[in-house]
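Beneath this line is the structure, given in structure tokens, with notes to follow.
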Amino acid sequence: MHSHPVLELEATAFNKAQLIHPDAVQLALVGRSNVGKSSLVNALAGRKAMAKVSATPGKTRSVNYYRANPGDFYIVDLPGYGYAKCSKAEQEKWAAFLQYYLANTAGLRSMILLIDARLTPQKPDLALVSFARSVKLPILPVLTKADKCGKSEISARKKEWEAIVAGTPLIITSSSKRQGMAELWDAILQLVEG
Ligand code: GDP
């Protein structure tokens, strides 16, 4: 049996002033709005109704600090980006907030980038990859909703993303099928220990 840390929601921030500064490793969880981020947090935690799965994507805009125990590190769920129904100004505001967090968090070890398995690499994802590179932040790419794709589509994504994030294998997950959670936990623990 695979055992992993428990995740507990410790703090929520709606603006820069509310960001917390624990003396611990943080891993940022990022992705486009509706990518399946909340579902993944729940699947990782192994229980339901912890992160709120959105009925209205793009509405909840907060930074959620999940503390892992044991391990004493944080998985930090950041606001989704690229929600088409948000105004351009609103989108830019959140992009700036995300960049602020990524560039100014002392304990930040890596950015876990969630990617919808059905989509070829999208502009906002690629922009975030460039930004992470510019601040020398390692990226762990993770496919979500793999249950919605066939094998050939998954291997196409694998090729595309492994070319973009050279040297880092893509982790393939499905929250609804609980696929890839052990692999993702292993990668997370490696990042924290590394
Ligand atoms: P968030 O906006 O990134 O937090 O995304 P949510 O977790 O709220 O999920 C967005 C939508 O995708 C919801 O309707 C989920 O039920 C669905 N979803 C999330 N993960 C999966 C998955 O692994 N498989 C499938 N088929 N649907 C998923």
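Structure above, values below:
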| quantity | calculated |
| --- | --- |
| Which listed pairs, of 88/159; 88/148; 136/159; 136/158, have C-alpha distances above 25 Å, in listed order | 88/159; 88/148 |
| Phi to ³J(HN,Hα) by Karplus 6.51 cos²θ - 1.76 cosθ + 1.60 over the range 109-118, Hz, x for Gly, Pro | 9, 6, 10, 8, 9, 8, 10, 5, 4, 7 |
| Charged-residue dipole, Cβ positions (Lys, Arg, Asp, Glu), the chain about Cα centre, Debye nearest 20 | 700 debye |
| Likely footprinting exposure, 14, 97, fewest C-beta neighbours within 10 Å first | 14, 97 |
| Partner aspartates and glutamates for residue 123 [C-alpha distance under 16 Å; skip if fewer than 8 residues away on the same chain] | 92, 160 |
| Listed residue (91, 175, 130) projecting farthest to the positive dipole end of the range 26-178, Cβ model | 175 |
| Rough spin-label spacing in nm, given labels placed 7 Å along Cα→Cβ, for residue 131 and residue 177 | 3.2 nm |
| Sum of side-chain charges, residue 103 neighbourhood, beta-carbon under 13 Å (Lys, Arg +1; Asp, Glu -1) | +3 |
| Estimated [θ] at 222 nm from DSSP helical runs (n ≥ 4, -39500 (n - 2.57)) normalised by residues in the chain, nearest 500 | -10500 deg cm²/dmol |
| Karplus-derived HN-Hα couplings along the range 28-43 (A = 6.51, B = -1.76, C = 1.60, θ = phi - 60°), whole Hz, x at Gly and Pro | 8, 10, 10, x, 5, 3, 6, 6, x, 5, 4, 4, 5, 4, 5, 5 |
| Net lengthening on full extension, residue 163/residue 15 (0.36 nm per residue, minus Cα-Cα) | 49.8 nm |
| Ordering of 121-128, 170-177, 76-83 by burial proxy (mean other Cβ atoms within 10 Å per residue, highest first) | 76-83, 170-177, 121-128 |
| Global size of the chain as Cα Rg and Dmax, reported in angstrom | 15.5, 48 |
| Amide H contacts of residue 6 (H built 1.01 Å from N, under 5 Å, at least 5 apart or other chain) | 69 |
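Read-outs: derived from the displayed coordinates by stated rules, not from any lab. No experiment lies behind these values; they were computed from the predicted model shown. When we count neighbours, we look across all protein chains shown, and the Cβ atoms used for this are built from the backbone with ideal geometry, even at glycine.
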